[in-house]
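What follows is one structure encoded as structure tokens, with my remarks underneath.
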């Protein structure tokens, strides 16, 4: 059961960081398409999503690690 939870946490961590990394490609699109305001709005939405998601994921990961340390000792 705990290993499945770890896989779910790792999956969410990968998705969140992928969104955060890909959000920077929006700035390149802004230069190429000359639609700066729209692309920066999309960039801000993606960055806001990834940062808020990391804020929720960090306590879940810390809780999981604490439970693993308590169970293994």
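Bear in mind these aren't lab numbers, they're just calculated from the coordinates by the rules spelled out. Because the structure is a prediction, the values reported are computed rather than measured. As a convention, Cβ positions derive from the backbone with ideal geometry for all residues, glycine included, and neighbour counts pool all protein chains shown.
Descriptive notes on the structure:
- Gaussian network model of the chain, springs between alpha carbon atoms under 10 Å - residue of 44, 54, 63 with greatest fluctuation: 63
- Fewest-first ranking of 18, 6, using other Cβ atoms within 10 Å as the exposure measure: 18, 6
- Given their separation in residues at 0.36 nm each and the Cα-Cα distance between them, residue 8 and residue 42 gain 9.6 nm when the chain is fully extended.
- Helix 2-22 and the longest principal axis of the C-alpha atoms of the chain enclose an angle of approximately 20°.
- Where N is the number of residues in the chain, Cα Rg divided by 2.2 N^0.38 Å: 1.51
- The stretch 20-42 residues near the modelled residue 61 label - backbone nitrogen below 15 Å, point 7 Å along Cα→Cβ: 20-21
- Relative contact order (%) - the stretch 2-72, alpha-carbon pairs under 8 angstrom, separation at least six: 36
- Note that the stretch 8-47 shows a convex hull volume over its alpha carbon atoms of 47 Å³ per residue.
- Distance from the stretch 1-24 to the stretch 35-55 (C-alpha centre basis), Å: 18
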